[in-house]
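Following: one structure in structure tokens, then a few remarks.
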Amino acid sequence: MEETWYRHTLRVYYKDTDQMGVVHHGNYVNWFEIGRTEMMEEAGFAYHDIENMGLLLPVLHMDLNYHQSARYNELVAIYTKVGQFSPIRLQFDYEVRRVEEEAFATNSEQDISPTNKPSGELLVSGSTSHMWLNKKWKPARIDKTAPDIYALLQKIGSRQK
């Protein structure tokens, strides 16, 4: 199965940087969440829909690898895909990349778009691991509680564990 990455672009704002104009490392955590939320919406299983079903998807683990710094006023693309998953757990993989103005402009009409390969200069890579829970904070099997979402994960997920 070919991987499907979802791309969301943004401009680095002054508020996201330190005195040197470099993006503060903590902002990448927010960018991962933006990428994940936008990817889920585009793929057809938005957070608000999941929560309306009585399901929660908290972060259990986060991994970030810093390769290069993003700087003030640069354009970046947050690439997100479904990584490993099971009926109980779900992993998202991320790449934040510096992109040129042309890549940003082509994304303005549709802010998130699926692609098969991330492009641009790699800045940060990482992943987040999540667990499906019910409203009582007990593990919930997504294949039983929301089989349509599980089927969608099987369709867009890159691999299953």
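The values are calculated or read from the model by the stated rules, or taken from the named source; none is laboratory data. All of these numbers come straight from a predicted model, not from anything done at the bench. Virtual Cβ from ideal backbone geometry, glycine too; neighbours counted across all protein chains shown. Each accessible area value is taken on the protein alone, full model and side chains, heavy atoms only, with ligands, DNA and RNA left out. Shrake-Rupley method; radii C 1.70, N 1.55, O 1.52, S 1.80 Å.
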Considering only residues of segment 32-53 that are of a type in the set (A, V, I, L, M, F, W, C) and within 18 Å of residue 157 (Cβ to Cβ), which is surrounded by the fewest Cβ atoms within 10 Å (Cβ to Cβ)? 46
Of the residues in segment 70-85 that are polar (S, T, N, Q) and surrounded by fewer than 17 Cβ atoms within 10 Å (Cβ to Cβ), the one that is farthest from residue 101 (Cα to Cα) is 84
Conditions (1) aliphatic (A, V, I, L, M); (2) more than 14 Å from the chain's Cα centre (by Cα); (3) more than 18 Å from residue 127 (Cα to Cα) -> residue 88 fails only (3)
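Give the residue that is nearest to residue 71 (Cα to Cα), with candidates limited to residues of segment 124-147 that are touching a helix residue (DSSP H, G or I) at 6+ places or on another chain (Cβ under 8 Å) and of a type outside the set (S, T, N, Q).
If we take residues in segment 124-147 being touching a helix residue (DSSP H, G or I) at 6+ places or on another chain (Cβ under 8 Å) and of a type outside the set (S, T, N, Q), then 124 is nearest to residue 71 (Cα to Cα).
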Only one of (1) surrounded by 15 or more Cβ atoms within 10 Å (Cβ to Cβ); (2) more than 23 Å from residue 26 (Cα to Cα); (3) at pLDDT 95 or above does not apply to residue 138, and that is (1)
Within segment 15-38, work out how many residues are modelled with pLDDT under 95 and in contact with a Phe, Trp or Tyr (Cβ under 6 Å, 6 or more places away or on another chain). 1
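From the residues in segment 99-123 that are under 16 Å from the mean Cα position of the chain (by Cα) and modelled with pLDDT of 95 or more, which one is surrounded by the fewest Cβ atoms within 10 Å (Cβ to Cβ)?
Taking the candidates together, the pick is 122.
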Being modelled with pLDDT of 95 or more and within 21 Å of residue 143 (Cα to Cα): is that true of residue 64 here? no
Restricting attention to segment 54-69, which residues are open to solvent by 10 Å² or more (accessible area, probe 1.4 Å) and touching a residue at least 60 places away in the same chain (Cβ under 8 Å)? 54, 56, 57, 58, 59, 60, 61, 62, 63, 64, 65
